[in-house]
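Asks: Have a look at the structure that comes next, please.
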Protein chains: 2
Amino acid sequence: MRKRNKIKESGKKAVVLLSGGIDSVTVLYYALSKGYESTALIFDYGQRHRKELLAAKKIARKRKIKHYVVKTSFPWANSSLTNKDISVPCSRNLKRGIPLTYVAGRNIVFLSYAFSLAESIGAKSVFIGAHTQDYSGYPDCRPEFLGSFEKAACRGMKEKGIKLKAPLVRKSKKDIIKIGLELGVPFTDTWSCYEGRMSPCRKCDSCRFRIQAFRSLGLIDPLLKNISN
Amino acid sequence: MRKRNKIKESGKKAVVLLSGGIDSVTVLYYALSKGYESTALIFDYGQRHRKELLAAKKIARKRKIKHYVVKTSFPWANSSLTNKDISVPCSRNLKRGIPLTYVAGRNIVFLSYAFSLAESIGAKSVFIGAHTQDYSGYPDCRPEFLGSFEKAACRGMKEKGIKLKAPLVRKSKKDIIKIGLELGVPFTDTWSCYEGRMSPCRKCDSCRFRIQAFRSLGLIDPLLKNISN
């Protein structure tokens, strides 16, 4: 069927991987703006920044979309994201190597669940917020991986036509914030800091990239507005 | 390096997906017989046959190998394996379709974790007990999926050389039992019945295939020996 009418379009379903950070929330708003009936998939995997998880749930409730929280763990992962004995990185050079926050195969696992959910609810699209800054460091955010995963997953499922969509993959954090602003993303409700304390630490890589990106647009990260300097 | 000496061989590491059924236990024994220092990966995903899970742990302890149990769930899965409101199938025709016990993407999820673990512990091999009878029904047991998954996973990881090994993929259940007998697999400690009661139900597909396979070798399934007829 080459032409889709508006009714069919509005009935299209998607699964959106939602972490609660700027990228995944922007992707969720993007999918909703494109008329996808979206189901969010959230992971509670022992991440030190549990505020991100709360942010994800809050956003899903705000947009009144169905969401699943999968509780799991990577007990073997030697990552500062899940192991509190390892400090989070604060000075990552984007051009160099894989950061300490890398959890081996994390997105592979998350995408696998997303495809499982997609097939089960009849969704033909899975959205992920992977993007340029990520894939400079994380191999499971790179376009060549994403394409290859889509192919493999479809071979391993009943439903062969599920598409993996990463609309931000070639964007910078600055671009993403611009898109988010246009889509009405409530950035105050998102969370990025790896530390997961009451307020953003403003020192970890995730805080730095976020603050810089807002600054490059002449803005102050709304999460910092109520913090005294 | 084309030739490996014996010392290097004995130092080789593997992750083995262990469900506690005949196939995965035979694969574990196979990997151990080939000198792999094996780490077992077991999933507690709300399967109705929880005795299988206990069997897996028992086998791992018996062979004194390190094992991880990942507790997770597929809350959306419309499968008789995780949803007690759906009866387990008792008359599957091997040549026809995907059974009701199918959990969308289950092996994709399990393999993703296995690759995550493999990279984290420096294992270059992941073993899975997928085989002929499985892949007639389950798309995530088919060789074309397994090859494709290996390629995708390696693209998404730091370590590019992890191999996915399915040594039983072209074997029947009968062949597997023969191999298991040669390797000394304690079949009394394995569990296959989907129902997960005290004794095998002898009616579900998993029981039927197992009993038939033992019978075709002129044997009685050791799990049935203590049951009065």
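Asks: Look through region A:179-214, keep the residues that are of a type in the set (D, E) and in a helix (DSSP H, G or I), and return whichever of them is nearest to A:I22 (Cα to Cα).
Replies: A:D189
Asks: Right, here's the next one. Quick one: what pairs do we get from region A:142-166, first residue under 19 Å from A:Y30 (Cβ atoms) and facing another protein chain (nearest Cβ under 9 Å), second at pLDDT 95 or above and not in a loop (DSSP other than H, G, I, E, B), C-beta under 7 Å, 6+ apart or different chains?
Replies: So the pair list comes out as A:L146/A:L164; A:E150/A:K163; A:E150/A:L164.
Asks: Let me ask you something else. What's the total number of residues in region B:47-76 that are free of Cβ contacts under 8 Å to residues at least 40 places away in the same chain and in a loop (DSSP other than H, G, I, E, B)? Spell out the reasoning first.
Replies: If we filter region B:47-76 for residues that are free of Cβ contacts under 8 Å to residues at least 40 places away in the same chain, which is where we start, we get B:53, B:56-57, B:61, B:63-66, B:69, B:71-76.
Keeping just the survivors that are in a loop (DSSP other than H, G, I, E, B) gives B:63-66, B:72-76.
Of the residues in that region, 9 qualify.
Asks: Of the conditions (1) under 20 Å from A:A56 (Cα atoms); (2) at pLDDT 95 or above, A:K163 clears all except one; give me its number.
Replies: (1)
Asks: Among the listed residues A:C154, A:C193, which satisfies the condition of being over 17 Å from the mean Cα position of the chain (by Cα), crowded, with 20+ Cβ neighbours inside 10 Å and among the hydrophobic types (A, V, I, L, M, F, W, C)?
Replies: Residue meeting the stated conditions: A:C154.
Asks: In region A:157-170, what residues are surrounded by 16 or more Cβ atoms within 10 Å (Cβ to Cβ) and farther than 21 Å from B:R155 by Cβ?
Replies: A:E159 - this is the single residue of region A:157-170 that is surrounded by 16 or more Cβ atoms within 10 Å (Cβ to Cβ) and farther than 21 Å from B:R155 by Cβ.
Asks: Among what's in region A:62-78 and is of a type in the set (K, R) and away from chain B (no Cβ under 11 Å), pick the residue that is surrounded by the most Cβ atoms within 10 Å (Cβ to Cβ).
Replies: Filtering region A:62-78 for residues that are of a type in the set (K, R) and away from chain B (no Cβ under 11 Å), the one surrounded by the most Cβ atoms within 10 Å (Cβ to Cβ) comes out as A:R63.
Asks: Now for a separate question. Please specify each residue of region B:203-229 satisfying the condition of being surrounded by fewer than 17 Cβ atoms within 10 Å (Cβ to Cβ) and under 16 Å from B:R48 (Cα atoms).
Replies: Within region B:203-229, B:K203 is the sole residue that qualifies.
Asks: Would a scan of region A:192-207 turn up a residue that is closer than 22 Å to B:K160 by Cβ and in contact with a Ser or Thr (Cβ under 7 Å, 6 or more places away or on another chain)?
Replies: No, every residue in region A:192-207 fails to be closer than 22 Å to B:K160 by Cβ and in contact with a Ser or Thr (Cβ under 7 Å, 6 or more places away or on another chain).
The values are calculated or read from the model by the stated rules, or taken from the named source; none is laboratory data. None of the values given here were measured: they were computed from a predicted structure. Here the Cβ is made from the backbone with ideal geometry for all residues, glycine too, and neighbour counts use every protein chain on show.
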